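Taken together, the values in this text are just the output of simple stated rules run on the coordinates, not laboratory data. All values derive from a computational prediction rather than experimental measurement. Please note: Cβ atoms are built from the backbone with ideal geometry, for glycine as well, and neighbour counts cover all protein chains shown.
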Amino acid sequence: MPTLEMSDITKTFYRRGQPVHAVAGATITVQPRETVALVGESGSGKSTLGRLALMLLRPDSGQVLFEGEDLLRMPPRELRARRARLQVVFQEPFQSLDPQHEVRDTVAEPLVCTQRLDKGALQSQVDEALEMVGLGAAKGSRYPSQLSGGEQQRVGIARAIVTRPALIVLDEPTSSLDLTVRAGIVSLLQKLQAELGMSYLFISHDLDTVHFLADRVYVMYRGQIVETGAAADVLTSPEHPYTALLGAARLDVDPEVPRTPLPKPHTGLSPAAHSCPFLGRCERSTDKCISKPPLAEVSPGRSVACWYPVQSSP
Amino acid sequence: MSIDLGAERRSDLVLEVEDLTTTYHSHGNAFEAVRQVSFDLVRGRRYGLVGESGSGKSSLIRALLGLVRIPNQVTATTLRFDGRIDLLTTPAKQMRQIRGAEIGYVGQNPFGALHPVLSVGEQYHQFLKAHGQSRRRRDSLARAAEVLAGLGLPDPPAVLKGHAGQLSGGMAQRVVLGFSTLLQPQFIIADEPTTALDVTVQRQVLDLLAEETSGGKRSLLLVTHDLSVVAQYCDDVLVMRKGRIVETGPVRQVFAAPHHPYTAALLASVPRPGTPPRPMTRTGAATTGTGCEFAPLCPLAQENCLVDRPLLLSSTPGRRAACHHMPPQREAPRPVSAAAGPGRRD
């Protein structure tokens with residue numbers, strides 16, 4: 001049974017009366033112990049999809065199954081208890097912590113909300129979580145402002161693991177951190193998954209970290225999944241022209257590796273409601289792309305929404 | 001003082017900085033954000049200034065641009081631009097003419113740089129007017145349109161009529177890049193110009209910046225925390241940590257074999273497929289105020305590192321590093337008299 005199954009999810013926001021289709025028919029699954037990445041540029045809907053998985057937002061249509069149960073039909077009280085299994089780490093560590101709470105109280109919060117524990121049991125579980133993220137129980141009596149950015153993010157991770165969840169949504173957990181700190185957080189996330197066996201839904205625009213951390217990846221563009229497959233395959237031999245563009249825009253840290261020239265878009269056409277969303281930025285587009293290509297399997301476990309996949313129709 | 005290189009040699013340098021320190025004063029406390037920094041920038045080259053948050057890279061840039069205000073202070077034995085202008089003593093009014101005309105600047109947030117209410121065209125007109133380059137709006141708009149077209153913006157007249165809020169991040173940053181190149185300054189400083197942008201837009205903006213500084217006439221100082229940006233767009237790199245420059249040299253050489261353990265740690269932190277990023281680990285070594293600031297995190301730290309801060313000295317020709325133990329093949333320590341003082345050795 002998958003840990004998370006989201007099917008045909010749509011979510012529309014309204015900005016100055018205009019609809020913004022943040023998620024427009026996305027289907028994703030996350031298996032137990034799996035790290036699944038959602039990648040895409042800002043505005044692609046990846047964070048919205050993460051919030052929908054967490055039930056911080058309700059979809060306009062679609063189904064959210066978590067450990068086989070329909071979260072959308074679950075009574076609020078039961079959903080609240082279920083949140084112990086479904087946790088989150090946010091992008092901005094400082095903003096996601098209460099400045100007036102000691103770290104220990106912040107980490108205890110998910111336990112207090114979802115379980116009835118005596119004070120001693122609560123304390124020992126909190127201390128254990130703080131140890132596991134490498135902070136040590138002694139840091140528990142600090143306030144967030146007394147910690148570095150990396151330490152703050154470790155508090156956020158301790159709060160997420162304290163209830164032993166089945167799934168953690170990681171919404172750009174390393175984007176606001178320095179490079180050397182980031183490396184520590186990435187290896188911590190990997191270590192915790194090996195020890196505790198939870199799944200990650202990892203939202204990121206950093207393809208290098210995704211390549212390193214994720215088993216599978218979904219590429220989003222304008223609220224739609226345009227490509228999915230094993231992370232190594234999708235990132236090294238992209239099928240969708242948008243994935244290929246993301247790869248080409250990537251800069252290698254080795255000065256000897258030359259930059260890939262960015263493809264020039266074929267600009268005669270512009271996207272419409274029923275066209276391919278990438279029309280207008282795509283170099284491969286033809287008149288056929290005026291009708292939207294379905295997300296179709298090109299090889300086992302690998303799907304792409306394109307009439308002219310890069311590898312299959314060069 | 002540095003060795004006198006003679007007038008001819010001098011003119012190759014677009015910027016000479018010696019012993020620059022920036023001190024911020026707040027609530028009775030003094031904090032040195034930039035500490036005794038010395039470097040030269042050769043005309044026509046592209047330099048990458050890397051460091052993590054708090055390393056002092058933006059404070060250094062503000063000092064170069066004359067934007068550090070009382071009660072905060074900048075001191076330096078030399079801060080010379082183009083071999084002729086002392087940036088430390090130039091009056092504020094004259095600095096305003098230098099910024100924009102001789103030194104272009106691109107910041108991180110284009111929407112912070114642009115006026116929210118004035119049209120883009122009006123801002124270009126005021127910019128040109130302030131620099132005595134144009135009196136008539138029509139002339140200003142024509143020049144601005146030309147520059148914007150050169151930066152690949154579609155429909156420049158429409159952009160000039162519109163406001164900053166109507167632009168996407170990538171377009172707004174190109175408008176700012178337009179200001180920094182309009183008067184053909186010989187030196188461009190870009191402080192994290194693409195950090196707020198998506199990867200594809202980042203590539204376009206950096207490619208434009210590279211184009212504007214190609215041909216060896218213009219110099220670029222590109223401030224970033226992204227080593228890949230330096231690897232791909234810069235000739236030379238300056239690595240900063242805790243207010244000091246710890247390593248300088250040609251990008252290819254430094255990235256292939258760093259001479260400072262901190263640079264090595266930064267490079268090892270970059271995630272690469274197959275190899276896990278290596279975080280830095282604390283060795284537990286405690287330093288005194290006179291020791292190397294990197295020693296508590298350094299795998300090479302020894303007794304002398306804890307008490308004696310290494311100076312930024314020439315390690316191999318064209319490269320400098322502030323480390324007692326790297327590169328390992330470095331010759332025996334120089335006599336104390338030669339190594340003492342904050343002077344440069346290259």
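Would you please classify the overall shape of the protein assembly as shown from the alpha carbon gyration tensor, given that a ≥ b ≥ c denote the square roots of the eigenvalues, rounded means a/c under 1.5, and beyond that prolate means a/b larger than b/c while oblate covers the rest? Before the final figure, lay out the partial values.
Working: a/c = 1.89, a/b = 1.25, b/c = 1.51.
Verdict is oblate for the protein assembly as shown.
In chain A, the calculated helix contribution to ellipticity at 222 nm averages -9000 deg cm²/dmol per residue, counting -39,500 (n - 2.57) for every DSSP H run with n ≥ 4.
Between the beta carbons of A:Arg80 and A:Val298, assuming R0 = 41 Å, the FRET efficiency works out to 0.50 to the nearest 0.05.
Can you give the net charge of the other residues whose Cβ lies under 15 Å from the Cβ of B:Phe127, counting K and R as +1 and D and E as -1? All intermediate terms of the calculation are to be shown ahead of the outcome.
Working: positive: B:Arg96, B:Arg99, B:Lys129, B:Arg135, B:Arg136, B:Arg137, B:Arg143; negative: B:Glu102, B:Glu122, B:Asp139, B:Glu146.
Every neighbour counted, the sum reads +3.
Note on region B:52-163: semi-axes of the ellipsoid equivalent to its C-alpha gyration tensor, largest first and rounded to whole Å, are 31, 17, 13.
Residues whose amide H falls under 5 Å from that of B:Leu13, counting only those 5 or more places apart or on a different chain, are B:Arg43, with hydrogens built in the peptide plane. Sorted largest first, the principal axis extents computed over the alpha-carbon atoms of chain A equal 67, 52, 42 Å. Name the residue, out of A:Glu67, A:Glu34, A:Glu283, whose mean-square fluctuation peaks in a Gaussian network model built on chain A with Cα pairs under 10 Å. Checking each option, the largest mean-square fluctuation is seen for A:Glu283.
For region B:34-117, would you read off the P(r) tail past 17 Å as a percentage of all alpha carbon pairs?
Working: 1941 of 3486 pairs.
Considering region B:34-117, 56 percent of its Cα-Cα pairs are separated by more than 17 Å.
How do A:Lys139, A:Lys264, B:Lys242, A:Lys46 line up, fewest other C-beta atoms within 10 Å first? Numbers along the way, then the final one.
Numbers: A:Lys139 19, A:Lys264 7, B:Lys242 16, A:Lys46 27.
With the sparsest Cβ surroundings first, the list reads A:Lys264, B:Lys242, A:Lys139, A:Lys46.
Taking amide hydrogens as placed 1.01 Å from N in the peptide plane, the amide H of A:Glu283 sits under 5 Å from those of A:His266, each at least 5 positions away in sequence or on another chain. Each Cα pair under 8 Å and six or more residues apart adds its separation to the average, and for region A:182-314 the resulting relative contact order is 21 percent.
For B:Lys129, a cut-off of 18 angstrom between C-alpha atoms picks up these aspartates and glutamates, skipping any fewer than 8 places away in its own chain: B:Glu102, B:Asp139, B:Glu146. Exposure proxy for B:Arg272, B:Arg46: other Cβ atoms within 10 Å of each Cβ, ordered fewest to most, give B:Arg272, B:Arg46. I need the shape label for region A:126-263. Rule: rounded when a/c is under 1.5, else prolate if a/b > b/c, else oblate, with a, b, c from the alpha carbon gyration tensor. Verdict is prolate for region A:126-263. Legend: mean number of C-beta atoms from other chains within 10 angstrom of residue C-beta atoms, peptide A:175-187, equals 6.
Going down the table (A:Lys46/A:Lys264; B:Lys57/B:Lys161; A:Lys46/B:Lys161), which pairs top 28 Å between alpha carbons? In this structure, B:Lys57/B:Lys161; A:Lys46/B:Lys161 exceed 28 Å between Cα atoms.
With all pairs of different C-alpha atoms in the average, the Kirkwood value for the hydrodynamic radius of chain B is 21.6 Å. Proximity of backbone amide H atoms, modeled 1.01 Å from N, is registered between B:Thr78 and B:Glu18 at under 5 Å, excluding neighbours fewer than 5 places apart on the same chain.
Note: relative contact order over region B:187-248, using C-alpha pairs below 8 Å and six or more positions apart, is 32 percent.
If you place +1 on the Cβ of every Lys and Arg and -1 on the Cβ of every Asp and Glu, how big does the dipole about the Cα centre of the protein assembly as shown come out, in debye to the nearest 20? Kindly include the intermediate steps, with their values, before the conclusion.
Values: 72 positive and 66 negative charges, 288 e Å.
Using only the charged Cβ atoms, the result is roughly 1380 debye.
For A:Lys139, the aspartates and glutamates whose Cα falls under 20 Å of its own Cα, not counting residues fewer than eight places away in the same chain, are A:Glu92, A:Asp98, A:Glu102, A:Asp105, A:Glu109, A:Asp127, A:Glu128, A:Glu131, A:Glu151. Membrane-span-like helices of chain B, defined as complete DSSP H segments with a Cα extent of 24 Å or more along the helix axis and a mean Kyte hydropathy of at least 1.0, are absent. Once you order the gyration tensor axes a ≥ b ≥ c over the Cα atoms, which shape class does region B:80-228 get: rounded for a/c under 1.5, otherwise prolate or oblate by comparing a/b with b/c? Note, shape of region B:80-228 comes out oblate.
The 3J(HN,Hα) values that the Karplus relation (6.51, -1.76, 1.60; θ = phi - 60°) gives for region A:134-150 are, in residue order, x, 8, x, 4, 4, 6, x, 8, 7, 9, x, 5, 8, 10, 6, x, x Hz. Gly and Pro appear as x. Its relative contact order, with pairs defined as Cα atoms under 8 Å and 6+ residues apart, puts region A:116-272 at 13 percent. Distance from the alpha carbon centroid of region A:224-292 to that of region B:162-189 works out to 27 angstrom. Structural size metrics of region A:4-59, computed from C-alpha coordinates, are Rg and Dmax of 11.9, 42 Å. Report D for region A:58-213 in µm² per second (integer): Stokes-Einstein, Kirkwood Rh on Cα pairs, 25 °C, 0.890 mPa s. For the chosen part, D equals 151 µm²/s.
Computed from backbone phi, the HN-Hα couplings of region B:291-297 come to x, 6, 5, 8, 3, x, 10 Hz, rounded to whole numbers (Karplus: 6.51 cos²θ - 1.76 cosθ + 1.60, θ = phi - 60°; Gly and Pro given as x).
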